[in-house]
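Handing you a structure now.
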Amino acid sequence: MISLTHVSTTFAARGREPLTAVDDVSLEVPRGSIQGIIGFSGAGKSTLLRNINLLERPTAGTVSVAGTELTSLDDAALRQARHQIGMIFQGFNLVNNLTVAQNVELSLKFAGVKDRRERLRRAAEALEIVDITDKTSVYPAQLSGGQKQRVAIARALATKPEVLLCDEPTSALDPFTTATVLQYLADVNREFGITVVIVTHEMEVIKALADNVAVMEDGRVVEEFPASELRREGFNPRTSIGKYLLSDGIRLDRSGERPHESTSAPQDPDAAQPGGTHRSQHTALAGSAGGVR
């Protein structure tokens with residue numbers, strides 16, 4: 001469904017050394033799957049996600065989605081192809097002076113749906129999918145963070161995309177709301193067959209949602225494995241962040257006996273980890289969030 005072949009993205013600024021954010025990445029995402037991409041801050045995962053819809057055009061390599069090589073398209077054809085690729089952002093990106101319904105309708109305007117009645121109908125359908133039809137006439141400032149993200153999901157779904165790209169969609173949310181948003185993503189993947197790619201640094205998000213995991217470090221994909229491997233006894237990821245996925249949560253040394261060492265990532269899978277603070281609570285919520293709308 002999604003094929004990245006030797007993709008690299010380098011940023012150059014006058015007077016500075018070029019920065020390679022994505023370095024020779026090849027990745028295959030099967031149709032209808034949920035692909036997790038995880039890495040520490042600065043690993044290049046968000047840049048890689050934006051390479052998929054060419055919001056960030058790669059310096060080298062090719063990107064194909066649903067059999068179409070996006071990197072070979074001209075601007076007009078690329079705009080048309082992007083209608084089949086929805087995107088959800090960390091910061092919601094709602095327009096504050098538009099109502100919920102108008103925010104969702106806006107994506108259909110950009111997609112070239114000229115009939116306003118058709119736009120309203122499809123916006124209402126999308127809002128119903130995420131159970132927020134009671135908020136159609138309110139403005140973003142009147143919504144909670146979870147409600148804003150549900151509107152953002154509806155906006156992405158309104159164009160009936162084949163692919164949904166999610167850039168840290170839960171990092172601004174509390175654990176309970178995170179579980180609810182993840183359940184909606186799981187639902188749209190299952191019910192509509194939409195291929196989902198989710199970038200995150202939160203370990204519990206990957207464990208709860210992904211079918212496959214790609215681990216990024218320094219712009220490269222350094223490890224890949226099916227998420228089901230995380231439940232197999234004896235599975236031992238090669239990378240430190242992969243090992244974090246098997247750990248039980250943050251553990252701190254409060255004895256005062258160990259000196260403060262470097263800020264580099266610890267190799268011990270039992271060491272403190274990002275995103276693990278709410279493991280037990282979040283895991284329980286993720287199993288029950290289907291009934292929490």
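Going by what's in this entry, would T195 be described as farther than 18 Å from V29 by Cα, out of contact with any Cys (no Cβ under 9 Å at 6 or more places or on another chain), touching a residue at least 12 places away in the same chain (Cβ under 8 Å) and surrounded by 20 or more Cβ atoms within 10 Å (Cβ to Cβ)?
Values: farther than 18 Å from V29 by Cα: no; out of contact with any Cys (no Cβ under 9 Å at 6 or more places or on another chain): yes; touching a residue at least 12 places away in the same chain (Cβ under 8 Å): yes; surrounded by 20 or more Cβ atoms within 10 Å (Cβ to Cβ): yes.
Answer is no for this residue.
Name, by its number, the condition in (1) within 22 Å of R155 (Cα to Cα); (2) touching an Asp or Glu at 6+ places or on another chain (Cβ under 8 Å) that does not hold for G39.
Result: G39 passes all but (1).
Please name all residue pairs, on different chains or six or more residues apart, with Cβ atoms under 8 Å, provided the first residue is in segment 170-188 and is modelled with pLDDT of 90 or more and the second residue is part of a helix (DSSP H, G or I) and of a type in the set (D, E).
That search, which allows pairs on different chains as well, returns T178/E204.
When segment 9-62 is examined, which residues are found to be free of Cβ contacts under 8 Å to residues at least 12 places away in the same chain and under 15 Å from M216 (Cα atoms)?
Here is the first cut: in segment 9-62, the residues free of Cβ contacts under 8 Å to residues at least 12 places away in the same chain are 11-19, 42.
The answer is G42, and nothing else.
Follow-up. Of the residues S46, S72, S41, which single one is surrounded by fewer than 17 Cβ atoms within 10 Å (Cβ to Cβ) and within 30 Å of P237 (Cβ to Cβ)? Even if it seems obvious, please write down each step before you answer.
On the way: S46 fails: surrounded by fewer than 17 Cβ atoms within 10 Å (Cβ to Cβ); S72 fails: within 30 Å of P237 (Cβ to Cβ).
The match here is S41.
Okay, next question. Residue under question is V7, and the condition is that it be surrounded by 19 or more Cβ atoms within 10 Å (Cβ to Cβ) and farther than 28 Å from D174 by Cα; does it hold?
Values: surrounded by 19 or more Cβ atoms within 10 Å (Cβ to Cβ): yes; farther than 28 Å from D174 by Cα: yes.
For V7, the condition - surrounded by 19 or more Cβ atoms within 10 Å (Cβ to Cβ) and farther than 28 Å from D174 by Cα - is met.
Another question, if that's okay. Can you name the number of the only condition in (1) in contact with a Phe, Trp or Tyr (Cβ under 8 Å, 6 or more places away or on another chain); (2) surrounded by 16 or more Cβ atoms within 10 Å (Cβ to Cβ) that L98 fails?
(2)
Turning to a different aspect of this structure: May I ask you to list pairs of residues, at least six apart or on different chains, whose Cβ atoms are under 7 Å apart, with the first in segment 233-247 being in contact (Cβ under 8 Å) with a residue 40 or more places away in the chain and buried (at least 19 other Cβ atoms within 10 Å of the Cβ) and the second being β-branched (V, I, T) and not in a helix (DSSP H, G or I)?
What qualifies is I241/I38; I241/V215.
Can you find even one residue in segment 256-265 that is within 21 Å of I38 (Cα to Cα), modelled with pLDDT of 65 or more and exposed (fewer than 15 other Cβ atoms within 10 Å of the Cβ)?
Within segment 256-265, the first condition is being within 21 Å of I38 (Cα to Cα), and the residues that meet it are 263-265.
Pick out the ones that are also modelled with pLDDT of 65 or more and you get none.
Scanning segment 256-265 turns up no residue that is within 21 Å of I38 (Cα to Cα), modelled with pLDDT of 65 or more and exposed (fewer than 15 other Cβ atoms within 10 Å of the Cβ).
Sticking with this structure for a sec: Can you name the residue in segment 139-169 that is among the polar types (S, T, N, Q) and without any contact (Cβ under 8 Å) to a residue 40 or more places away in the chain and, of all such residues, is nearest to T68 (Cα to Cα)?
Applying the first criterion (among the polar types (S, T, N, Q)) to segment 139-169 yields 142, 144, 147, 149, 159.
Subset that is without any contact (Cβ under 8 Å) to a residue 40 or more places away in the chain: 142, 144, 147.
On the way: Q142: 40, S144: 38, Q147: 34 Å.
Here the answer is Q147.
Do any residues in segment 64-87 that are of a type in the set (D, E) have Cβ atoms under 8 Å from those of residues that are at pLDDT 95 or above and surrounded by 15 or more Cβ atoms within 10 Å (Cβ to Cβ), where the two are at least six apart or on different chains, and which pairs are they?
E69/T62; E69/V63
Are any residues in segment 1-39 farther than 19 Å from S228 by Cα and in contact with a helix residue (DSSP H, G or I) (Cβ under 8 Å, 6 or more places away or on another chain), and if so, which ones? So that I can check it myself, show each step before the final result.
Residues of segment 1-39 farther than 19 Å from S228 by Cα: 1-26.
Within segment 1-39, I2, L4, V7, T9, A21, V22, V25 qualify.
So, one more: Whether any residue in segment 199-212 is of a type in the set (D, E), without any contact (Cβ under 8 Å) to a residue 60 or more places away in the chain and surrounded by fewer than 22 Cβ atoms within 10 Å (Cβ to Cβ) is what I want to check.
Of all residues in segment 199-212, those of a type in the set (D, E) come to 202, 204, 211.
With the extra rule that they be without any contact (Cβ under 8 Å) to a residue 60 or more places away in the chain, the set shrinks to none.
No, segment 199-212 has no match at all.
Could you please give the count of residues in segment 193-208 that are modelled with pLDDT of 95 or more and among the hydrophobic types (A, V, I, L, M, F, W, C)?
5
Follow-up. Only one residue in Q80, Q90 is among the polar types (S, T, N, Q) and surrounded by 18 or more Cβ atoms within 10 Å (Cβ to Cβ), so which one is that? Step through it out loud before you land on a result.
On the way: Q80 fails: surrounded by 18 or more Cβ atoms within 10 Å (Cβ to Cβ).
Selected residue: Q90, the only one of Q80, Q90 that is among the polar types (S, T, N, Q) and surrounded by 18 or more Cβ atoms within 10 Å (Cβ to Cβ).
For segment 163-172, what are the residues that are part of a strand (DSSP E or B) and within 21 Å of A43 (Cβ to Cβ)? Outline the logic, then answer.
Taking segment 163-172 as the starting set, the residues that turn out to be part of a strand (DSSP E or B) are 163-167.
Hits for segment 163-172 are L165, C166, D167.
Can you tell me which residue is surrounded by the most Cβ atoms within 10 Å (Cβ to Cβ) among those in segment 127-146 that are in a helix (DSSP H, G or I) and out of contact with any Ser or Thr (no Cβ under 9 Å at 6 or more places or on another chain)?
In the first step, residues of segment 127-146 are kept if they are in a helix (DSSP H, G or I); the result is 127-129, 133-135, 140-142, 145-146.
If we keep only those that are out of contact with any Ser or Thr (no Cβ under 9 Å at 6 or more places or on another chain) as well, we get 128-129, 133-134, 141-142.
Numbers: E128: 12, I129: 18, T133: 15, D134: 9, A141: 9, Q142: 12.
Across segment 127-146, the extreme among qualifying residues is I129.
All but one of (1) at pLDDT 95 or above; (2) in contact with a helix residue (DSSP H, G or I) (Cβ under 8 Å, 6 or more places away or on another chain) hold for E224, so report the exception by its number.
(2)
The values are calculated or read from the model by the stated rules, or taken from the named source; none is laboratory data. Remember, predicted model here, so these are calculated numbers, not experimental data. Backbone-built Cβ (ideal geometry, glycine too); neighbour counts: all protein chains shown.
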